[in-house]
Amino acid sequence: MNWHAIAFENILEEVSSSTQGLSGDEAATRLEKNGPNELEEKKRKSPLMIFLAQFKDFMILALLFAAIISGVIGEMTDTLIILIIVLLNAIIGFVQEYRAEKAMQMLKKMAAIQATVQREGTVLKLPSADLVIGDVVLLDAGNAVPADLRILEAHSLRIDESALTGEALAVDKSSEIIETENIPLGDRLNMAYKSTLVTNGRGLAVVVATGMNTEIGKIARLLQEGEMSTPLQRRMADFGKRLSLIILGICIILFGVGLLRGEAPLDMLLLSISLAVAAIPEALPALITIALALGAKHLVQQNALIRKLPAVEALGSVSFICTDKTGTLTMNKMKVVQVQEETIADHHFPLSPLRMAMALNHDVRFSKGEEAIGDSTELALVEFVMEEKGRSAFNELSASFPRVAELPFDADRKCMSSVHAFKDRYVVFTKGAIESIARCLADQKNAEKLFSLNEEWAAKGLRVLAFAYKYIDVLPDPVSIEALEKDLVFTGLAGMIDPPRPEAKAAIGECKTAGIKPVMITGDHPATALSIAKEVGIWNGKGYCVTGAELEQMSEDDLQEKVEHISVYARVSPEQKIRIVKALQSKGHSVSMTGDGVNDAPSLRAADIGVAMGINGTDVSKEAADMILLDDNFATIVKAVREGRRIYDNIRKFVKYIMTCNGAEIWTIFLAPLAGLPIPLLPIHILWINLVTDGLPGLALANEKAEEDVMRRPPSKSDESLFAGGVAFHILWVGLLMAGVTLATQQWAVTNQLAHWQTMVFTILSLSQLGHVLAIRSDKTFLYMQGIFSNRLLIGAIAITVVLQLMIIYLPFANEIFKTQPLTRKELLICIGMSAVVFHAVEMEKWIKRNLAKRSAKISLK
């Protein structure tokens, strides 16, 4: 119901109450009927169920299948290693999901407050959970609002609704009816909402909604919706399914071909099992987890705290960043950016009357550390004067013109007056809204000019304050509005704005170069929003600016048509934020959403990447987010996107590297019997290659630097396969090449009756992969151009792997474990020479791609 639009005299009738409040019996009946004023939670998963859910992933199931197979054929070492990998991944996933469950609990904790209630004329203190519709509530400064209320009386009542609406400034409340029905929460000046905070004055109000029917209750319901999986999680699930089908198909084919050739069924079963073990990339989940953890560590150093590891990679896919304005794009600090003062000859002040008013008419205090404390608007005025005249001159001014009386600001007058002793008389300074000062002026011609200037400045997004003054000979008793706020002389205007961060414009430009569209979503008014959006480069005059009221009238089809072209949203609700996110996601975009208030939590969860503010953010928004900005700075998001793209590129390199190696093993095992050769590898060889030869260099790939064009290319599509962009073709042809080189050596060694042929095959596969990892460090740059030692960790990993491989070949105890034999010098040199073929072939692939790209560019220019 639109309670703000109901006439004052009808409100109590609607809720069947009176100004004396409900009776105890009636309140008890309503509590029994409607339930407590609490936020409900959906049934939470137990820690055990959260842990077991980690084993649903296809890749994890494939690894468990490999562990069972290894155990069946007697390779218990393999089984143990695989189970350790699976358990580590499950623990990491459990920790992330368990922490995410806290968001709802934080919200519930925030809503648990006390209330001052009037029942049958008696004032009581009750837990907010006991409130019912119709209860009459007393509000005082410092109180949290205990339910959704319609205000009956307001005396200088001001409420901080920033956690709910996103607006930084406290809102002046009144009891007057607002006849427009569908307006944003921030404009409902006769309403108070659960979990907001009374900062000034007092009031009387009646409860109109409790529990899950409150505005914060609606947010709680939205928070319970399912969380979006990240692009990496979707890609890995798809990868696991496809890999399982491919492995199953190859094993069936190999088993069938062997039976047709007359091979023993048991031998072919063992060979098929070996092939399955070879195909499963045991190290891949661990490598990805470690790469994400290293990325998260790097991001903390750049003021971005990652709460959920998959978010690191997901940043690389972001195509829309929906950002809040206040504190993220702006400084979250009001600043005077424009003044216009009247030339007044008849004054005897050390400063102009305008600056005198700005310096004296305020309630700013100074801490022991000389830090200014007070309302953000008044702080801006004081800082303006102090920057111009200096702190000592400001202090001297305050001492020379002591305040002797004042009329504090209130929501009805929308102005403040202060009286200061000046020689043998007094001076009155008044500041306030344009319309308030206009009605106090002696000369109404100035009032007309005032309104004209206000429209001009407001169009720039400025918050405008007007100033006036007058002399009085005697201090009135009592000090009244009638005595002070009439026949004033207009002194000038001050225009304020929360200015953009200096680095915001460059960060927005970098976003656009990277193919990412930044969109502003704010609780502010459209004029202010557009002014900042234009200044930082989000809005260039061509995109749409849509208000919450306009969005409410849009059909889904209309929104779908326009959503990619809307640059600014103003005065939107939490439900509308989710609607915006889902509309963009339905168009195939990966969306990052920033926020700091309770109202932002549902959209943070709905977005692909939810980004909370570390300085000004609420606990609820932080718990719902994937990433927290420790400096509340938009530029930090852009740094995180850059890091996310680097990590995603490196994950693709993992996949390319590991699956090429596994492909080589599959082709080697699959083609050897077809060529009449004995089984080339034992399961222990395969596991060594998959975990050590793949694992150590693969892990070092996480340290690879970003490609030069990482922020000059469009984001990867959220539904893009890990094998897109030529990765699948690379895996196929390089895997075949490795297998060809290996089988050719095996054929030569078997033909020449070399006893060490199996060790040679094992060594060639291992060393070929090390050459391969050197070549795929970049998709475009040759190794000699990139610099061999630009990734020292990788060079170290390769060196360690080579030493370990030589130990397996030459140490007697390792020969027994791995069923290897020492190679002669000639055999070792043959293995090294054959392995180098793969490195040079992959470097040649880059040369071919570069030349094809140049030729394509020349053709397009023609």
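The values are calculated or read from the model by the stated rules, or taken from the named source; none is laboratory data. Since the model is a prediction, treat every value here as computed from it, not as a measurement. Every residue, glycine as well, gets a Cβ built from its backbone with ideal geometry; the counts of neighbours run over all protein chains shown. For accessibility, only protein heavy atoms count, side chains too; no ligands or nucleic acids. Shrake-Rupley method; radii C 1.70, N 1.55, O 1.52, S 1.80 Å.
For this structure, a couple of remarks:
- Loop-located trypsin sites (Lys or Arg not before Pro) in segment 391-449 (DSSP state other than H, G, I, E, B) with a sparse environment of at most 12 neighbouring Cβ atoms within 10 Å: Lys423.
- Cα-Cα over 30 Å, subset of Lys325/Lys562; Lys297/Lys460; Lys56/Lys653: Lys297/Lys460
- Using a Förster distance of 25 Å, the FRET efficiency for Ile84-Leu52 (Cβ separation, nearest 0.05): 0.90
- Taking the C-alpha atoms only, the angle from helix 284-300 to the longest principal axis of the chain is near 30 degrees.
- Reach of Lys717 by Cα under 16 Å, taken over aspartates and glutamates that are not fewer than 8 positions away in the same chain: Asp238, Glu313, Glu564, Asp608, Asp649
- Alpha-carbon Rg/Rh ratio, for segment 630-671, with Rh computed the Kirkwood way: 1.41
- Computed over the chain: relative contact order in percent, which uses C-alpha pairs under 8 Å that are six or more apart: 13
- Residue-normalised accessible area of segment 651-727, given per residue in Å² at a 1.4 Å probe: 32
- Listed by chain and number, the lysines whose C-alpha is less than 22 Å from the C-alpha of Lys368, apart from same-chain residues fewer than 8 away, are Lys333, Lys389.
- Length-normalised contact order of segment 273-392 in % [C-alpha pairs under 8 Å, at least 6 apart]: 17
- Model label points for Glu153 and Glu40, set 7 angstrom from Cα along the Cα-to-Cβ axis, are 3.6 nm apart.
- Under 19 Å from the Cα of Lys445 - aspartates and glutamates, other chains or at least 8 residues apart: Glu341, Glu342, Asp346, Glu435, Glu455, Glu456, Glu485, Asp487
- Gyration tensor (alpha-carbon) shape descriptor, segment 738-862, a/c threshold 1.5: oblate
- Size check on segment 282-395: the Cα extents along the three principal axes, sorted descending, read 86, 35, 19 Å.
- FRET efficiency for the pair Ala421 and Lys389, taken as 1/(1 + (r/R0)^6) with r the Cβ-Cβ distance and R0 = 30 Å, rounds to 0.90.
- Label point at Ile481 placed 7 Å out along Cα→Cβ; residues across segment 389-410 whose backbone nitrogen lies under 17 Å: 406-410
- The Rg/Rh ratio for segment 126-201 is 0.93, where Rg is the radius of gyration of the alpha carbons and Rh is the Kirkwood radius.
- 0 to 90° range, to nearest 10: angle between helix 444-458 axis and the chain longest Cα axis: 10
- Entry note, the chain: the mean residue ellipticity at 222 nm calculated from DSSP H runs of n ≥ 4, each adding -39500 (n - 2.57), is -16000 deg cm²/dmol after division by the residues and rounding to the nearest 500.
- Largest accessible area first, the listed residues Ile521, Ile666, Ile252 line up as Ile252, Ile666, Ile521 when surface is computed with a 1.4 Å probe on the assembled protein chains.
- Annotation: extensible slack from Glu455 through Glu371 equals 26.8 nm (criterion: 0.36 nm per residue apart, minus Cα-Cα distance).
- Label zone at Ala853, where the point sits 7 Å out along the Cα-to-Cβ direction: segment 710-724 residues whose backbone N lies under 17 Å: 710-716, 724
- Pairs exceeding a 31 Å alpha-carbon distance, out of Lys194/Lys587; Lys194/Lys622; Lys308/Lys534: Lys194/Lys587; Lys308/Lys534.
- Heavy-atom surface analysis with a 1.4 Å probe gives the chain a carbon and sulfur content of 58 percent of its accessible area.
- Here the spin labels are modelled as points 7 Å beyond Cα on the Cα-Cβ line, and at Lys534 and Thr513 they lie 2.6 nm apart.
- Principal-axis analysis of the Cα atoms of the chain puts helix 58-72 at an angle of about 30° to the longest axis.
- Shape of segment 309-461, Cα gyration tensor, a/c cut at 1.5: prolate
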